[in-house]
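Accompanying notes for the structure given below.
Read-outs throughout are calculated quantities, based only on the coordinates presented, and are distinct from any laboratory measurement. For clarity, every value in this text was computed on a predicted model and none was experimentally measured. In this analysis, Cβ positions are derived from the backbone assuming ideal geometry, glycine residues included, and neighbour counts consider all displayed protein chains.
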């Protein structure tokens, strides 16, 4: 796979997470379930989710519309590495907070690890040149 392709797939991947996180209120029954939290914790959960949505939008936009700059500039290579580390940390957090004992959690680990691969692959392909 060409590094450009991995980055474009990463852009689509991050777009998927924008959509997924937009559905959290309904999927996770936040209207009901967050009511048991204190006011501050309830608002912080929602703010964190909205900020993550914005991060995923940034990752998607940069990946889809600035692929060349990611491949050719020092800043681009740094962003590739940082996006890869973001997804690697999310994969590790899946293990720490949820474990891998059930299939759903293991599947999420794989999905998050794949996100890291989409960005580590072009980064290491470029540093090998």
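General remarks:
- Of all residues making up segment 33-54, the number that are in contact with a helix residue (DSSP H, G or I) (Cβ under 9 Å, 6 or more places away or on another chain) and outside any helix (DSSP H, G or I): 1
- Residue among 70, 57, 100, 80 that is closer than 19 Å to residue 13 by Cβ, in contact with a helix residue (DSSP H, G or I) (Cβ under 6 Å, 6 or more places away or on another chain) and surrounded by fewer than 16 Cβ atoms within 10 Å (Cβ to Cβ): 57
- Exclusive hit being out of contact with any strand residue (DSSP E or B) (no Cβ under 9 Å at 6 or more places or on another chain), without any contact (Cβ under 8 Å) to a residue 12 or more places away in the chain, closer than 26 Å to residue 125 by Cα and surrounded by 12 or more Cβ atoms within 10 Å (Cβ to Cβ), set 37, 89: 89
- Filter result for residue 39 (within 17 Å of the chain's Cα centre (by Cα) and over 23 Å from residue 118 (Cα atoms)): no
- Annotation note: of 124, 97, 118, the sole residue that is assigned to a helix (DSSP H, G or I) and touching a residue at least 24 places away in the same chain (Cβ under 8 Å) is 118.
- When segment 19-32 is filtered for residues that are within 29 Å of residue 115 (Cα to Cα) and in a helix (DSSP H, G or I), the ones remaining, listed by number, are 19, 20, 21, 22, 24, 25, 26, 27, 30.
- Exactly one residue among 104, 76, 10, 16 is within 26 Å of residue 121 (Cα to Cα), assigned to a helix (DSSP H, G or I) and in contact (Cβ under 8 Å) with a residue 24 or more places away in the chain, and that residue is 10.
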